[in-house]
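Asks: Sharing a structure here in structure tokens format.
The values are calculated or read from the model by the stated rules, or taken from the named source; none is laboratory data. Note that the structure is predicted; figures quoted are calculated from it, not measured. Heads up, the Cβs are rebuilt from the backbone with ideal geometry, glycines too, and the neighbour counts pull from every protein chain shown. These area figures cover heavy atoms from the full protein model, side chains too; ligands, DNA and RNA do not enter into them. Shrake-Rupley method; radii C 1.70, N 1.55, O 1.52, S 1.80 Å.
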Amino acid sequence: QVQLVESGGGLVQPGGSLRLSCAASGFGLEHYTIGWFRQTPGKEREGVACINKYDEKTYYADSVTGRFTISRDNANNTVYLQMDKKKPEDTGVYYCAAVHDALSVQYMCVGLRSAGGAIVWGKGAPGTVSS
């Protein structure tokens, strides 16, 4: 079965840190561009951070640049999102996604699109920032 499973979600105070993990099974992430997307009630799902396959080029939303870091560990078939200096507006459910043919990291992260094949989605992990 092809699937992605997020873990590491939870509640942190403003200024705190949280690290999310996305583990893949049924396929190898090394051949996929991967992204983290955030869903907030009343808003469209938005790309937060994405990392390309092979050259590992990254893209970050302006709102998280300098605070979030996406990385991948192909040997363990896992992608991470390190979130530092968290703000209340970072609150949402975080989903990881994988695309085999993303065309570019921006194409996937901004457009939520695949140039070829279906997007594989995880079920999401909560990331709440509150006092």
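Asks: Output the residues belonging to region 6-39 that are open to solvent by less than 30 Å² (accessible area, probe 1.4 Å) and among the aliphatic types (A, V, I, L, M).
Replies: Of everything in region 6-39, those that are open to solvent by less than 30 Å² (accessible area, probe 1.4 Å) and among the aliphatic types (A, V, I, L, M) turn out to be 12, 18, 20, 24, 29, 34.
Asks: Counting just the residues of region 98-131 that are over 23 Å from residue 25 (Cα atoms) and of a type in the set (Ser, Thr, Tyr), which one comes out surrounded by the most Cβ atoms within 10 Å (Cβ to Cβ)?
Replies: 107
Asks: Just checking, which of 44, 6 is closer than 17 Å to residue 93 by Cβ and modelled with pLDDT under 95?
Replies: 44
Asks: Does residue 91 satisfy being within 17 Å of residue 124 (Cβ to Cβ), touching a residue at least 24 places away in the same chain (Cβ under 8 Å) and open to solvent by 10 Å² or more (accessible area, probe 1.4 Å)?
Replies: Against the criterion (within 17 Å of residue 124 (Cβ to Cβ), touching a residue at least 24 places away in the same chain (Cβ under 8 Å) and open to solvent by 10 Å² or more (accessible area, probe 1.4 Å)), residue 91 qualifies.
Asks: Could you tell me how many of the residues in region 98-113 are part of a strand (DSSP E or B) and more than 14 Å from the chain's Cα centre (by Cα)?
Replies: 1
Asks: Looking only at region 53-97, count how many residues are over 16 Å from residue 22 (Cβ atoms) and in a loop (DSSP other than H, G, I, E, B).
Replies: Adding up the residues that qualify gives 15.
Asks: Additional query: Can residue 42 be described as open to solvent by 20 Å² or more (accessible area, probe 1.4 Å), touching a Pro at 6+ places or on another chain (Cβ under 7 Å) and not charged (D, E, K, R)?
Replies: Answer is no for this residue.
Asks: Moving on to the next point. Only one of 57, 86 is of a type in the set (Lys, Arg), open to solvent by less than 70 Å² (accessible area, probe 1.4 Å) and modelled with pLDDT of 95 or more; which?
Replies: 86
Asks: I'd like the full set of residues that are free of Cβ contacts under 8 Å to residues at least 60 places away in the same chain, touching a strand residue (DSSP E or B) at 6+ places or on another chain (Cβ under 6 Å) and among the charged types (D, E, K, R), limited to region 30-58.
Replies: 46, 53 - these are the residues of region 30-58 that are free of Cβ contacts under 8 Å to residues at least 60 places away in the same chain, touching a strand residue (DSSP E or B) at 6+ places or on another chain (Cβ under 6 Å) and among the charged types (D, E, K, R).
Asks: Run down 17, 25 and say which single residue is out of contact with any Lys or Arg (no Cβ under 8 Å at 6 or more places or on another chain), touching a residue at least 24 places away in the same chain (Cβ under 8 Å) and on the phi < 0 side of the Ramachandran plot.
Replies: Selected residue: 25, the only one of 17, 25 that is out of contact with any Lys or Arg (no Cβ under 8 Å at 6 or more places or on another chain), touching a residue at least 24 places away in the same chain (Cβ under 8 Å) and on the phi < 0 side of the Ramachandran plot.
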